1. What is the Cα centroid distance between segment 33-70 and segment 186-250, reported in whole angstrom?
2. So, in Å, what gap is there between the alpha-carbon centers of segment 320-339 and segment 131-179?
3. Rounded if a/c is under 1.5, else prolate if a/b beats b/c, else oblate: with a ≥ b ≥ c from the C-alpha gyration tensor eigenvalues square-rooted, which is segment 101-155?
4. May I ask you to give the average projected area over all directions of the convex hull of the Cα atoms of the chain, in nm² rounded to one decimal?
5. Could you work out the local net charge near Leu305, counting Lys and Arg as +1, Asp and Glu as -1, over the other residues with Cβ closer than 11 Å to its Cβ?
6. Order of Ser205, Ser41 from fewest to most other C-beta atoms within 10 Å?
7. Can you pick out the pairs among Lys97/Lys319; Lys97/Lys207; Lys95/Lys130; Lys130/Lys340 whose Cα atoms lie more than 27 Å from each other?
8. Counting alpha carbon pairs within less than 8 Å and at least 6 residues apart, what relative contact order, in whole percent, applies to segment 162-274?
Amino acid sequence: MLNMETQQASTKPFGFREARTLIGDLNQPNPWIYWSDFLVSIIIGHITFHLMYYLPKWYATSTGMILAVSLCYVITVTAYMRALMFIHELVHLPKGKYLGFRFVWNALCGIFFLVPSFLYYPHVDHHRRKHYGTEHDGEYLSLSHRSPWLIVGFIVQALLIPFLAVARFLIISPICWFLPGARHWVHRHASTMLVDPFYERTDRSPKLMRTVVIQEFFCFVWLLWFFVRGGIMRGESLDPIWLIAYAVAVGLLILNELRTLGAHRWTNEGGEMSFEEQFLDTLNYPYRPWITELWGPIGTRYHALHHLFPRLPYHNLGKAHRRLVAGLPPDSIYHQTIAKSLTSEIVSLWRRSSGSVAERSEL
């Protein structure tokens with residue numbers, strides 16, 4: 001539960017006009033930043049990923065080999081995390097624009113990681129005021145009011161998700177192509193990046209479905225190559241690349257799940273919330289950018305600010321935050337969205353969850 005001061009503040013209207021005036025000149029995306037940031041991130045990730053495979057072959061007897069591979073693993077996860085989080089930016093870029101960037105992101109990253117951009121289109125529901133925190137929001141769970149074991153399960157699922165992703169595109173996609181009747185269920189229940197496993201996707205336009213099939217096909221082809229290359233062409237029953245890919249995938253998923261746990265306070269119990277209540281349920285992490293930018297890249301560490309202005313490009317969020325902090329009055333609820341650290345917020349979430357369970361047991 002939010003404290004009493006926060007609950008009272010949530011009834012105070014937020015000054016949108018004042019906030020817009022402060023950051024009105026920051027709404028234009030810079031294509032050069034998008035291209036350079038993404039390409040550098042994905043290239044570094046690809047290089048260090050392959051170094052984890054080749055270093056043990058080149059320097060098998062070297063005493064520093066394990067340390068070098070470990071360092072490559074950390075760099076791979078953080079670089080790939082940054083590249084992957086551009087999927088969030090793609091949803092909020094103007095429709096019909098930046099088509100080249102969307103194509104290249106899918107070709108070099110989305111297909112490669114089995115997270116083609118169509119999986120994230122329903123993210124817009126998370127920003128609809130009447131949907132936020134309800135059954136129509138696939139990115140929300142009432143974690144503050146559920147057992148803390150749900151938080152544990154949310155993180156541990158990282159061990160299983162890579163296998164589900166492979167099954168989704170290597171097995172389920174061809175089934176949908178040859179048995180169209182399966183498409184409806186698959187699209188509703190197995191075609192979205194989500195937090196709530198019970199969320200049902202509802203968008204199904206002909207244009208969207210063509211995009212889905214095209215991106216599915218390339219994921220399928222990539223997986224065939226991924227397994228054939230090791231299992232047949234190299235004659236290895238267990239390709240080391242498979243193990244490396246699984247370890248990197250688990251690392252990415254855990255990092256993203258920890259980031260997600262700290263993105264909100266998760267205080268809603270399922271009903272519709274006012275804008276102020278929604279805003280106070282989200283968080284910003286402006287401190288220690290040298291570490292927060294690693295786990296919350298591409299503007300995701302400014303999640304409350306992103307909810308306030310979803311179209312603001314990620315590379316301007318830091319500047320916008322500093323202007324709002326300096327320009328908004330001291331009693332603005334914006335200041336209450338600022339968190340000290342990811343660790344402290346996850347600990348607070350655990351305590352709220354544990355306290356909620358204890359309250360229910362006393363009833």
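1. 23
2. Answer, in whole Å: 34.
3. oblate
4. Mean projected area for the chain: 21.1 nm², to one decimal.
5. +4
6. Ser205, Ser41
7. Correct reply: Lys130/Lys340.
8. 25
Every number in this text was worked out from the coordinates using simple rules, so none of it is lab data. Because the structure is predicted, anything quoted here is derived from the model rather than measured. When we count neighbours, we look across all protein chains shown, and the Cβ atoms used for this are built from the backbone with ideal geometry, even at glycine.
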